[in-house]
1. Which residues belonging to region B:312-354 lose at least 30 Å² of 1.4 Å-probe accessible area when the assembly is complete, relative to their chain isolated?
2. Quick check of the Kirkwood formula: for region A:1-56, what is the inverse mean of 1/r over all pairs of different Cα atoms, in Å?
3. Once a ≥ b ≥ c are taken as the square roots of the eigenvalues of the Cα gyration tensor of region A:101-164, is the result rounded (a/c under 1.5), prolate (a/b larger than b/c) or oblate (a/b not larger than b/c)?
4. If you scale each eigenvalue of the Cα gyration tensor by 5 and take the root, what three semi-axes come out for chain B, rounded to whole angstrom and sorted largest first?
5. For region B:1-111, how big is the tail of P(r) above 21 Å, as a whole percent of Cα pairs?
6. Evaluate the distance, in nm, between pseudo-label points positioned 7 Å from the Cα of B:LEU72 and of A:GLU92 along their respective Cα→Cβ axes.
7. Keeping all protein chains in place, calculate the accessible area per residue for chain A (probe 1.4 angstrom), answer in Å².
8. When a/c is below 1.5 the answer is rounded, else prolate if a/b is larger than b/c, else oblate, so apply that to chain A with a ≥ b ≥ c taken from the square roots of the Cα gyration tensor eigenvalues.
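The values are calculated or read from the model by the stated rules, or taken from the named source; none is laboratory data. All of these numbers come straight from a predicted model, not from anything done at the bench. Here the Cβ positions follow ideal geometry from the backbone for every residue, glycine too, while neighbour counts run over all protein chains shown. Ligands, DNA and RNA are excluded from the accessible area calculation, which covers all protein heavy atoms including side chains. Shrake-Rupley method; radii C 1.70, N 1.55, O 1.52, S 1.80 Å.
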Amino acid sequence: MNLIEQICYWTAALLSAAAFFTSLLGTVFKRVKPFRFAGSFLTGALGVLTAFGVARWVRVGHPPFVTLFESMITSIWFLLLLHQIIFRLRREQGTVLLLPVSAVVFLLMGWAFSLPAEATPLSAALSNVWLFIHASFATSGAASFLIAASLSVIYLLGEKRSHPPQANSAPPETLAPLKTILNFLIFGLILWGVMIASGSIWAHVAWGRYWAWDPIELWSLISWLVYALLIHVRLTVKFSPRWFCRLNIIAVAIVLFALWGVHYVYETIHTYG
Amino acid sequence: MWKFLTSLRLAIVLIGLITILLILSALIPQSGIAEDRIADVRQLLGDSYVIVEWLGLDRIYFTPGFYVILGLLAINLTAGTIQRFRVILTSEGTLWRVRRVGSLVFHMSLLLIIVSVIVNYLVKFEGVYALSEGQEVSDAADAYFRTFNGPLHKSESGRFTLRLNEVIIDDDVARADAVAARVTFMPSDGDPLVDRVIATNHPLKYESLEVHYGLVNGFSPELLVLDSTGSRLFAGFVRLATVSAEGRRRYADFIELPQQQLTVNLEVFPAKDGSETPTFQMSVERRGMVALDTIVTTADTVTAFEYRFAVPRWRRWCYLNVVENPYLNVVFVGFWLALTGMSVGLVSRVMPAGRGVR
């Protein structure tokens with residue numbers, strides 16, 4: 001990272017930490033004002049991270065998708081962007097999402113910091129337009145699943161608080177409607193599906209094989225199937241919302257493993273950088 | 001029966017089974033795919049590994065059970081598609097109908113993907129050439145290093161001749177895929193020959209055939225072994241295996257001469273700029289005793305035990321993959337149709353009920 005990137009990275013990390021602590025204060029003391037600050041902090045983090053991405057893109061000559069560090073930062077950017085859209089369109093839901101989203105952003109920034117941050121030139125396999133489609137849909141898909149998981153956490157916490165029913169506690173469905181969670185799952189499933197499809201086409205162009213049962217391909221397909229299963233079960237069997245939310249949180253762990261964890265366990269042709 | 005075949009509960013069970021099998025295949029190394037990890041798991045499980053083999057868990061994608069589940073899913077999708085079509089025809093409300101159309105397109109596309117993947121598997125051809133520079137081969141079956149013919153693939157030969165002119169390796173870049181190959185493709189039907197460089201992402205296409213650079217490459221030195229009287233015991237180009245270690249490629253292998261009980265280990269050290277002659281590390285063993293371990297050039301002849309060894313010439317070699325997937329584009333069309341269907345479904349879900357409703 002050069003100086004501009006370092007400044008942007010650390011500013012974004014600090015802003016996400018500030019958003020986390022202020023939204024935590026707001027939650028604990030049941031005050032609205034800290035949430036307003038938290039919202040501004042996360043908006044600032046998105047702006048600074050955008051500057052980081054642009055600066056890095058200009059410096060290295062390709063979008064920041066290539067290394068594991070860049071993939072994580074891009075996912076954080078998409079997560080912040082999605083949150084920002086929700087925050088603008090549905091203020092109440094955007095506000096309750098501040099705590100989990102800022103926590104996830106802060107944790108991912110920390111994880112990214114532990115990774116090598118040097119930019120690398122594109123290898124022969126990565127020098128393809130499909131990289132941009134494949135990687136951008138992978139990172140945005142993960143962001144959508146993270147939003148759905150965050151809403152599930154809110155639903156579960158809200159349900160716990162309102163059980164037994166109290167006069168002053170909002171029902172969990174108000175803050176994190178199951179329909180919204182389901183919509184984010186379907187949205188994530190589409191993005192993740194584009195990622196798998198574009199990766200397959202790219203692999204065919206690059207090496208002449210469109211599916212090789214590589215660990216990342218396999219875990220991506222497993223994640224996609226798990227979500228497909230979850231959506232079908234929710235739409236059909238109508239099993240308990242609590243279990244739907246719990247399984248949603250487990251499913252996002254599989255997505256994160258497919259995206260960033262497989263490298264730690266398996267040897268894979270999906271090299272970052 | 002119809003209700004059972006169209007039921008979403010059946011779909012859930014089948015998707016669940018496929019997911020479980022895929023998770024198992026991710027945990028248990030699959031034969032033919034993750035061969036290098038099989039020995040570790042076999043050692044870990046000991047005698048219990050027999051159960052894994054007996055259940056076919058080490059080759060899940062090739063077990064009849066896996067295909068039965070996929071087949072059932074295809075039947076379920078077909079029946080569900082017909083059912084959805086009926087529902088669309090009878091349903092009220094534009095928005096509801098749009099959502100159903102999205103769902104129909106998505107599930108029909110999944111069916112298209114499954115069917116086209118299976119058809120493609122049945123008719124596809126994959127062949128790997130292991131060629132040294134200057135080598136010319138035809139597409140006869142025995143010219144390939146390895147082939148896979150789909151069960152319904154019509155074997156044709158004599159369609160082309162392929163010549164590997166040059167393997168282009170950038171040794172300063174410590175990446176296994178920073179390689180290209182200059183090839184000449186000569187069609188037998190009188191079409192003009194094609195002379196071009198192929199590399200990762202840049203295959204050569206001819207009708208339904210594609211020639212891809214095969215990722216594996218290395219050095220092929222000519223090893224000469226003479227006995228004390230000067231008679232040739234061995235003379236031939238040896239294809240050295242390529243391994244990546246610590247960010248660098250290593251080209252090393254050994255050759256055994258059973259009659260003389262000799263093992264000759266060779267490793268190549270490429271010249272920095274790629275244009276100069278490389279040097280070779282040669283060691284010679286007999287019954288575990290090392291008699292020689294030295295650096296040689298193409299000008300040297302070295303002696304070990306009562307034999308003389310030389311590496312007078314060298315070439316590069318690489319794999320070239322020839323693939324023929326005639327229906328692959330149908331799979332890809334299926335991908336995009338499925339995603340379009342899902343997107344239509346999602347848009348109709350988030351659209352306010354007042355808009356577009358009849």
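1. B:LEU328, B:PHE332, B:PHE335, B:TRP336, B:LEU339, B:MET342, B:LEU346, B:ARG349
2. Working: mean 1/r = 0.0868 Å⁻¹.
11.5 Å is the Kirkwood radius here.
3. On the way: a/c = 6.64, a/b = 2.21, b/c = 3.01.
It is oblate, given that a/c is not under 1.5 and a/b is not larger than b/c.
4. Working: eigenvalues 593, 134, 71 Å².
The three semi-axes for chain B are 54, 26, 19 Å.
5. Details: 3129 of 6105 pairs.
When every Cα pair of region B:1-111 is considered, 51 percent fall beyond 21 Å.
6. Using points 7 Å along Cα→Cβ, the separation is 4.4 nm.
7. Numbers: 11380 Å² over 273 residues.
Per-residue accessible area for chain A comes out at 42 Å².
8. Working: a/c = 2.46, a/b = 1.30, b/c = 1.90.
It is oblate, given that a/c is not under 1.5 and a/b is not larger than b/c.
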